[in-house]
Amino acid sequence: MIPPISSIPVPTAPTPGPVAAPAVSGSSGSGFVSAIGSALDSLQGVQSTASAAEAATAAGQGSLTDTMIAATEASLETQVTSSVIDKALAAYNSVIQMTF
């Protein structure tokens, strides 16, 4: 059975000193953070669905096919989320290591 992921707090980036960031029309500073948060919430929902399907199948009330599809979907979404987080961290580290 796949245990659900507990809520993971997403840290916010520290703001630089008095330098003002250029304004970008139509975007907000917390857009990336909210996108990551909603992706993690979606992942948790898919894993909860897979876990419930596994429990129902184990109790003899669910379909094995539906359970396998839900488990595969949860596994795939976990891999994609992990890959995206790894790429985001690599990009963040690359930006941090830049010298100006």
(message) What does the charge count around GLY60 come to, taking other residues whose C-beta lies under 15 Å from its C-beta (Lys +1, Arg +1, Asp -1, Glu -1)?
(response) -2
(message) For GLY62, what residues show an amide H to amide H distance below 5 Å, using hydrogens built from the backbone and excluding near sequence neighbours?
(response) THR57
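Provide the FRET efficiency to the nearest 0.05 for the ASP66-ALA91 pair, computing r from the beta carbons and using R0 = 25 Å.
Result of the calculation: an efficiency of 0.10.
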(message) Cβ neighbours within 10 Å, averaged per peptide: list 92-98, 55-61 in order, most packed at the top.
(response) 55-61, 92-98
(message) Less than 14 Å Cβ to Cβ from SER48, Lys/Arg counted +1 and Asp/Glu -1: what total charge do the surrounding residues give?
(response) -4
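Just so you know, all these numbers are worked out from the coordinates, no wet-lab data involved. What you see is a predicted model; the values in this text were computed from it and never measured. Because the Cβ atoms are built from the backbone with ideal geometry, glycine has one as well, and the counts that use them run over all protein chains shown.
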